[in-house]
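Let me begin by presenting the structure, written as structure tokens, before commenting on it.
The values are calculated or read from the model by the stated rules, or taken from the named source; none is laboratory data. Note that the coordinates shown come from a computational prediction; the quantities given were computed from them, not determined experimentally. Note: ideal-geometry Cβ built from the backbone for every residue, glycine included; neighbour counts use all protein chains shown. Calculation scope for accessible area: heavy atoms of the full protein, side chains included, ligands and nucleic acids excluded. Shrake-Rupley method; radii C 1.70, N 1.55, O 1.52, S 1.80 Å.
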Amino acid sequence: MNSNNSFRNKTILPLCTFFLLAATATNFLRAQTTNSEGTNSISGAPAIPVLQIKADQIAAKVSPILYGLMTEEINFSYEGGIYGELIRNRSFKANSTNAIFWNTVGNATISVDKNQPLNAALNVSLKLDTSYASESSPVGIANGGYWGIPVKPNTAYHASFYAKGGHFNGPLTVAIVSTNGGTIFASAEVPKISSSWDKYEVTLTTGDVSPSKDNQLIITTTKPKTWWAKLWGRPGSVWFQQVSLFPPTFNNRANGNRPDIMQLLAAMNPKFLRLPGGNYLEGDLINERFDWKKTIGETSQRPGHRSPWDYWSTDGFGLMEYLNWCEDLHMEPLLAVYAGYSLRQQRVAPGDDLKPYVQDALDEIEYITGDTSTTWGAIRAQDGHPAPFPLHYVEVGNEDWFDRSNTYDARFSQFYDAIKAKYPQLQIISTVGNDHPESLRVHSRTPDLVDEHYYRSQEQMESQSHIYDDRPRTGPKVFVGEWATRVGSPTPNMAGALGDAAWMCCMERNSDLVLMESYAPLFVNVSDLTSTPRSTRSMQWPSDLIGYDALTSYGSPSYYAQVMFSAHHGDVVLATDSQDVPTYTWQPPRGRNGASAPRQVPSLYFDATRDSQNGTIFLKIVNRLGSPQSVHVKITGANNVDSSAEAAIMSASSPDDTNSIQEPTKIVPVTSNVDGLGADFTRAFPPYSITVLQLKTN
Ligand code: AHR
């Protein structure tokens, strides 16, 4: 045990023990609150809780890569989300027989044609019969995007498509128009179409218009066919493939990302991106996994695949796009490699059968990190990025505890040995964490880290807000790769943010053990929350950090809690102690083993970190009560604590308060300078609040 750990045992461990003991002993002595399950009692005058911060006692180092992001294609995270593409089902492969999400304009007929493929990857096309077009009645195709196409003023959109004429040679008009057809926002002409597949591109520039999203892209013609087809009575037709429309993107990357969502993420100051999932890595079936080699290179050469969240991915957002995303936000990829298990209990046996998948993982690592003298490093250079990307962490699989045949240990070992042999510097993460029974965990190798997932109610999250305080420091480090307080839909409300903040205090306080954390899911398109089946609505999983529609985006209170934590912390954890912390009574729901006893759970959470360079102490205090909570803060071991400090406070008048597309900033942190602080002060913390005080010392 290192000195930090022994120190922890003296300071932090007694603190959590204290919570439990104090709860029982003082239940009758202090004012309490009613929890969301309605259990509680009131009595006596409350004692003011006391927090001691021992500024001369460092309990742990704060992991410099603690705060990161987790991502996958779910809730229209990429297509219909961060990926700039505005056309839905651009490759016509989302349904094998119908051109779903495509409409006709005028007297047109359209069909999915399997006999006119663009290439082996995009092996179908959309056939438009142009025979009934006339000057007064254009015919064509229309796409309404992902619940709309955003139109912004004075903006240049890049439209492109592959086309091939059959007794038809143009022209085609490409335009962004309102859904009701009444307003043309921008339009351009492609004068001629050849009789073989070619790519056509135009720029559509809007004028001084109001932002709107009830719009569509249309491609139309008024000329039905060539003169010789008219002469011989032949129909005119045109085939389309990869019809695409991009607005300006973050950093102006081609095939890039939506700027407003990237800006929200940048404010989180994330250090890593866990990619590409999640269930999305595994797929329902082996042939629906994230098969990375099919997601790189020219987008027109990517076949796409069905995702386990029930909708089609074109894979326009592929491995290189993830890596560019990392580069743009100065974060590292944390690569999850497919480990031979897919969700419908399909698995690859360890041994010879698994070898090609292990090789795929080695190739993927080479694609990311190899120099241009390596096979896959050279392919990455061809794909536009000669410089290797940084990579330190590789996770083997995702949630393989679901594998009922229990082969993870053997599969993990095979990946572990091969990766360590070629890349000894890489840290290998087991996807089965200590939150699962011993029998499911890896035993034949020692993972460098284990990934633990916690999707919980507010009370569950708060009641486990000490679990790392007393975990032995001898085993693997922890990556909390997915977690969320799941209260509120589509995005969490203030109750969710309070549960999150309690949990983040725990992770930050223990970040010598918990090296990394990432909330999940990250994104949700909020345009259609209710349609059935699941594939047709824009949300497959409620309680997501960031919401958006085609036009605008917003952060949930949980998002702002993340920003408050990730953007405000020091590099060391200070030892703390407390007395008279109030508690509430919580009855855990019945579990597999029946009912359990009611628990006393703290109503106040905190942690303190310090910036060793300038001495600033970041004190985080979470008040989950519906009344102000006075707290007596005593700081020892620091010289001259200033009486004023910057305070960031996020509070709500109800735990149900939330943000939405209509009210994107109802609940946000407010920063101000506050007085009356110092080495010994008492301050009231507002109801339902998260506070970060930046206390200056010297
Ligand atoms: O975050 C949603 C899903 O939860 C992930 O895809 C999966 O890993 C977990 O079960």
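The table that follows gives values for the structure above.
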item: Furthest towards positive pole of dipole, Thr221, Tyr132, Ala186, structure part the range 102-246, Cβ charges; result: Tyr132
item: Relative contact order [Cα under 8 Å, 6+ residues apart], the range 102-246, whole percent; result: 34
item: Amide H partners (placed H, <5 Å) of Leu574, local residues excluded; result: Ala59, Ala608, Thr609, Arg610
item: The chain - percent relative contact order, Cα under 8 Å, separation 6 or more; result: 17
item: Calculated FRET value between Ile100 and Trp232, using beta carbons and R₀ = 41 Å, to 0.05; result: 0.75
item: DSSP-defined beta bridges in the range 221-351 - what % are antiparallel, rounded to 5; result: 50
item: Cα gyration tensor category, rounded, prolate or oblate, for the range 215-290 with a/c compared to 1.5; result: oblate
item: Euclidean distance of C-alpha centroids, the range 608-676 and the range 273-303, integer Å; result: 41
item: Under 5 Å, built H, 5+ apart or other chain: amide partners of Ser511; result: Ser63
item: Phi-based couplings in Hz for the range 556-573 (Karplus 6.51, -1.76, 1.60; Gly and Pro marked x); result: 6, x, 5, 4, 5, 4, 4, 4, 4, 6, 6, 8, 9, 7, x, 9, 10, 8
item: Apportionment of accessible area to carbon and sulfur, the range 35-178, percent (1.4 Å); result: 52
item: Per-residue HN-Hα couplings for the range 418-435 [Karplus 6.51, -1.76, 1.60; θ = phi - 60°; Hz; x = Gly/Pro]; result: 5, 5, 5, 5, 8, 10, x, 6, 7, 8, 9, 9, 7, 7, 9, x, 6, 7
item: Beta bridges per DSSP with both ends in the chain, % antiparallel, nearest 5; result: 75
item: Kirkwood Rh, Cα atoms: Rg over Rh of the range 547-698; result: 1.03
item: Geometric extent, Cα atoms of the range 385-522 - Rg, Dmax (angstrom); result: 16.3, 49
item: Hydrodynamic radius of the range 258-363 per Kirkwood, over alpha carbon pairs, in Å; result: 14.9
item: Residue-span extension gain [Asp435 to Arg592] - 0.36 nm each, minus C-alpha spacing; result: 55.0 nm
item: Average accessible surface area per residue within the chain, 1.4 Å rolling probe, Å²; result: 37
item: Convex hull volume per residue for the chain, taking Cα atoms only, in Å³; result: 166
item: Using a Förster distance of 60 Å, the FRET efficiency for Thr446-Ile184 (Cβ separation, nearest 0.05); result: 0.40
item: At most 12 other Cβ within 10 Å, DSSP loop - trypsin sites (Lys or Arg not before Pro), the range 367-475; result: Arg404
item: For the chain, with +1 on Lys and Arg beta carbons and -1 on Asp and Glu, the positive-most of Thr691, Ser196, Tyr605 along the dipole; result: Ser196
item: Cα→Cβ-extended label distance, 7 Å offset, between Gln382 and Ala47, nm; result: 7.2
item: Estimated 222 nm signal from helices in the chain, with DSSP H stretches of n ≥ 4 weighted -39500 (n - 2.57), rounded to 500; result: -5000 deg cm²/dmol
item: Rounded FRET efficiency, nearest 0.05, which uses the C-beta distance separating Glu135 from Ala567 and R0 of 35 Å; result: 0.05
item: Positive-end residue, the chain charge dipole about Cα centroid, Cβ charges, pick of Tyr78, Leu264, Tyr67; result: Tyr78
item: Contour minus Cα-Cα distance for Ser373 and Asp528 (0.36 nm per residue); result: 51.0 nm
item: Cβ-placed point charges (K, R +1; D, E -1), dipole of the range 102-246 about Cα centre in debye, nearest 20; result: 360
item: Nonlocal amide H pairs with Ala186, under 5 Å, H built at 1.01 Å; result: Ile176
item: The range 168-314: relative contact order as a whole-number percent, Cα under 8 Å and 6+ apart; result: 16
item: Base-10 log of normalised Debye intensity for the range 102-246 (one unit scatterer per alpha-carbon) at q = 0.14, 0.19 Å⁻¹; result: -0.63, -1.12
item: Given charges at beta-carbon only (K, R positive; D, E negative), |dipole| of the chain in Debye; result: 940
item: Asp56, Asp129, ranked by accessible area, largest first (probe 1.4 Å); result: Asp56, Asp129
item: Per-residue HN-Hα couplings for the range 481-489 [Karplus 6.51, -1.76, 1.60; θ = phi - 60°; Hz; x = Gly/Pro]; result: x, 8, 6, 5, 7, 8, 10, x, 8
